[in-house]
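Chemist: Below is the structure I would like to discuss, written out as structure tokens.
The values are calculated or read from the model by the stated rules, or taken from the named source; none is laboratory data. Bear in mind the structure is a predicted one, so any value in this text is a computation, not a measurement. As a convention, Cβ positions derive from the backbone with ideal geometry for all residues, glycine included, and neighbour counts pool all protein chains shown. These area figures cover heavy atoms from the full protein model, side chains too; ligands, DNA and RNA do not enter into them. Shrake-Rupley method; radii C 1.70, N 1.55, O 1.52, S 1.80 Å.
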Amino acid sequence: MRVLVPAAVLALLALTGWATPDAPIANDLEDVLFPLPPREVAAGMFEKWQQEAAKKPSSVTYNRVEYDRKAYWVVEASFGYGDPSEKIAVYAPTKDGSFRRCLLAGSLHAGKLAVAADAKTGLLELREEVRSGTKGEVVLSCNLKAVGVLP
């Protein structure tokens, strides 16, 4: 078993190319471990991915929140077992109906997160739901009123 972990890491490193000055984040190992959607997402794709995730569970979850009659998406990608790491992305609507990533956070050591947006203040909060020592604490927050609709 001890040999399998280093071998798996070496295999991942071999499969992912190295970043270059022309493409500094291309094939980043972190992108392989935390498979988040791209920076720009077409209208209707989050709903499709959410339905697929409901049928076949994966390490990525999609949460839709509404504020000011607009939809925002919170995407969580987990990696690891026992004490997994999370990478979180928030996507805001654009004027053409697509979505653009407006916040990226990670890698966070968090358990299951509760996602909620306050309809009056526009404050999006992700709170720890499981861990006894940090249960109920805010892991990440974002002011959706300040984000608004992106150009």
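Chemist: Out of segment 94-122, which residues are over 27 Å from TYR81 (Cβ atoms) and open to solvent by 60 Å² or more (accessible area, probe 1.4 Å)?
Modeler: LYS95, ASP96, ARG100, ASP118, ALA119, LYS120, THR121
Chemist: Now a separate question. Looking only at residues that are modelled with pLDDT of 85 or more and of a type in the set (D, E, K, R) in segment 108-127, which one is farthest from TYR62 (Cα to Cα)?
Modeler: That would be LYS120.
Chemist: Here's a follow-up. Given the residues TYR62, TYR67, TYR72, which is the only one that is touching a Phe, Trp or Tyr at 6+ places or on another chain (Cβ under 6 Å) and of a type in the set (Phe, Trp, Tyr)?
Modeler: On the way: TYR67 fails: touching a Phe, Trp or Tyr at 6+ places or on another chain (Cβ under 6 Å); TYR72 fails: touching a Phe, Trp or Tyr at 6+ places or on another chain (Cβ under 6 Å).
Step by step, each of TYR62, TYR67, TYR72 is checked, and only TYR62 is touching a Phe, Trp or Tyr at 6+ places or on another chain (Cβ under 6 Å) and of a type in the set (Phe, Trp, Tyr).
Chemist: Checking GLU128 against (1) under 23 Å from GLU66 (Cα atoms); (2) out of contact with any Lys or Arg (no Cβ under 7 Å at 6 or more places or on another chain); (3) crowded, with 17+ Cβ neighbours inside 10 Å: exactly one of these is not met. Which one?
Modeler: (2)
Chemist: For segment 50-78, name all the residues that are of a type outside the set (A, V, I, L, M) and surrounded by 15 or more Cβ atoms within 10 Å (Cβ to Cβ).
Modeler: Here is the first cut: in segment 50-78, the ones of a type outside the set (A, V, I, L, M) are 50-52, 55-59, 61-64, 66-70, 72-73, 76, 78.
GLN50, SER59, THR61, TYR62, ASN63, TYR67, TYR72, TRP73, GLU76, SER78, listed by residue number.
Chemist: Could you tell me which numbered condition GLY44 fails, if it satisfies all but one of (1) among the small types (Gly, Ala, Ser); (2) surrounded by 12 or more Cβ atoms within 10 Å (Cβ to Cβ); (3) on the phi > 0 side of the Ramachandran plot?
Modeler: Unmet condition: (2).
Chemist: Shifting gears a bit: Go through segment 47-96 and report how many residues are assigned to a loop (DSSP other than H, G, I, E, B), more than 16 Å from the chain's Cα centre (by Cα) and more than 20 Å from GLU128 (Cβ to Cβ).
Modeler: Initially, segment 47-96 is screened for residues assigned to a loop (DSSP other than H, G, I, E, B), giving 56-59, 68-69, 80-84, 95-96.
From the residues that got through so far, the ones that are more than 16 Å from the chain's Cα centre (by Cα) too are 56, 68-69, 81-83, 95-96.
Next cut, more than 20 Å from GLU128 (Cβ to Cβ) only: 56, 68-69, 95-96.
Of the residues in segment 47-96, 5 are assigned to a loop (DSSP other than H, G, I, E, B), more than 16 Å from the chain's Cα centre (by Cα) and more than 20 Å from GLU128 (Cβ to Cβ).
Chemist: Let me ask another. Give the residue, chosen from TYR81, TYR91, that is aromatic (Phe, Trp, Tyr) and surrounded by 20 or more Cβ atoms within 10 Å (Cβ to Cβ).
Modeler: Residue meeting the stated conditions: TYR91.
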